[in-house]
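One structure below.
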Amino acid sequence: MQLLMFYIFSLGAVLSATLMVTNIKPVTAAMNLIMTMFFLAGLYVLLDAHLIAALQIIVYAGAIMVLFLFVILLLNIHEKEGETARRKVIIQFGSIAIVGSLFIAMAKLSAIDPLMIKAVDPAFGTTKSVGKLLYTDYLLPFEIASFLLLAAIVGAVILAKRRIDDSE
Amino acid sequence: MVSLNSYLIVGAILFSIGAVGVFTRRNVLIIYMCIELMLNAVNLTFISFSKFLNDMNGHVFVFMIMTVAAAEAAVGLAIIISLFRNKATIYVDDINLSKG
């Protein structure tokens, strides 16, 4: 059962990611990326990361992709694609395929040292245990992340508001 | 039981697809989406190692990556809007403001 779900989720994720990359329209690409996010959330559930799976759907599919869709709607884009020379695309694709197969070979060969594995924690991946870790060991990074978000809000407002030519 | 390597291979494939998108597409919005896809592939790798090592610290890392991705999306899309307002294009071939 777990194996079947793994194959469904991973095939779906790879398929919709491919559709996203090959699609010309940005809206369709965004929809395919949302599909990929949902399949990845399924993989996270298989890996017992329940909080991260919920955050994946809420933050990525719910917030970030909606922001993307809003920007696509705001910009009145006329599609034009494919002016890149065919040979150049083949070279890029080939080089990335080589590097990607290196990655995949590394992923296939990597193994965990059995000495590194700790005892199984029954509360693995629950909101309580992640929250406890966030507020004890990772308190400072957590607070810095909130400052980062504040800076991003201010930066986004300032960047989207002013024009380049009246910046003086 | 699905092995660790299967999850890592899925992560590697997704990362490569994202890289292909970043290098071959000309639309800034789709390049951004491909960057998000690459971040997601890294998240999957973090979570699978976290599960197979029984170590919760990977979850905190994924949490931080999600925060950074949200900040990056907000600022990047603001830059795209400002760029579109000034240059009326979102294709990277037409964007050469910092060309010497």
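Values in this text are rule-based calculations from the coordinates and carry no lab data. Bear in mind that the values here come from a model prediction, so they are computed numbers and not experimental data. Ideal geometry is used to build each Cβ from the backbone, glycine not excepted, and the neighbour counts take in all protein chains shown.
For each pair in A:Lys88/A:Lys108; A:Lys161/B:Lys99; A:Lys108/B:Lys99; A:Lys88/B:Lys99; A:Lys25/A:Lys88, compute the distance between the two Cα atoms and list the pairs where it is over 32 Å.
A:Lys108/B:Lys99
Pairs of C-alpha atoms in chain B farther apart than 18 Å represent 58 percent of all such pairs.
For Cα pairs less than 8 Å apart in space and 6+ apart in sequence, what is the mean separation divided by the residue count of chain A, i.e. the relative contact order in percent? Could the numbers behind the result be given before it?
Numbers: 81 pairs, mean separation 31.2, N = 168.
Averaging sequence separation for qualifying contacts and normalising by length gives 19 percent for chain A.
Where the centroid of each part is defined by its Cα atoms, how far is the range B:5-65 from the range A:1-76 in Å? One Cα centre to the other: 12 Å.
How would you classify chain A from its alpha-carbon gyration tensor, with a ≥ b ≥ c the square roots of the eigenvalues: rounded for a/c under 1.5, else prolate if a/b is greater than b/c, otherwise oblate? Oblate is the answer for chain A, as a/c is 1.5 or above yet b/c matches or exceeds a/b. Take each peptide in A:62-70, A:35-43, A:133-141, count the other Cβ atoms within 10 Å of every residue, and average; sorted highest first, the result is A:35-43, A:62-70, A:133-141.
What are the trypsin sites (Lys or Arg not before Pro) within the range B:7-100 that DSSP puts in a loop, where the Cβ has at most 12 other Cβ atoms within 10 Å?
B:Lys99
Using the Karplus relation 6.51 cos²θ - 1.76 cosθ + 1.60 with θ = phi - 60°, the per-residue 3J(HN,Hα) values for the range A:13-27 come to 5, 5, 5, 6, 5, 4, 4, 4, 5, 8, 7, 8, 7, x, 5 Hz, with x marking Gly and Pro.
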